[in-house]
Every structure is written in structure tokens, then in C-alpha cells.
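Read-outs: derived from the displayed coordinates by stated rules, not from any lab. Computed from a prediction, not measured in an experiment: that's the story for all the values here. Positions of Cβ are backbone-derived with ideal geometry, glycine not excepted, and every protein chain shown enters the neighbour counts.
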Amino acid sequence: MFILIELDRDWTVGLDWYKHSKGVRLGYFAIHIVFVKHSEFVNRLAKHYAEER
């Protein structure tokens, strides 16, 4: 488990409720709590972006 702090270009407000992470977006910042190991999270992101191409 780890905390992910995200900076965004667009101003947003909301909740992110995904299977492996939960988070809050307020303005240009978002804070997420990720419930899997960092290496698994990175592998999931890499797989997701590879499928988009």
C-alpha cells in the first residue's frame, strides 16, 4: 500500500473510487491511497497504456 499524490492540468473536484485505489480530487491536486504493491501498480499502468497503442 502507498499514497500517490497527483498534479493535474485541469481544475477538478471529485472522488476516484477504483478497485485498487481510492482518492480525492480538489483543484489541481489529487491524493490516492493505492492498495496494491507499487510494482504491481506500475505493471498495471504499463499494460493499460500498451493496450491503448
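Please give the charge dipole size of the chain, origin at the Cα centre, charges +1 on K and R Cβ atoms and -1 on D and E Cβ atoms. Round to the nearest 20 debye.
160 debye
With a cap of 12 neighbouring Cβ atoms within 10 Å, and only residues DSSP puts in a loop, list the trypsin sites (Lys or Arg not before Pro) found in segment 1-37. List each step's numbers first, then the result.
Working: sites: 9, 19, 22, 25, 37; in loops: 19, 37.
Those that pass, being in a loop and sparsely packed, are 19, 37.
If the elastic network links every pair of Cα atoms under 10 Å, which of 24, 13, 34 fluctuates the most in the Gaussian network model of the chain?
13
Mind putting together the pair-distance distribution for segment 2-52? All Cα pairs, 10 Å bins, whole percent per bin, short to long.
25, 46, 29
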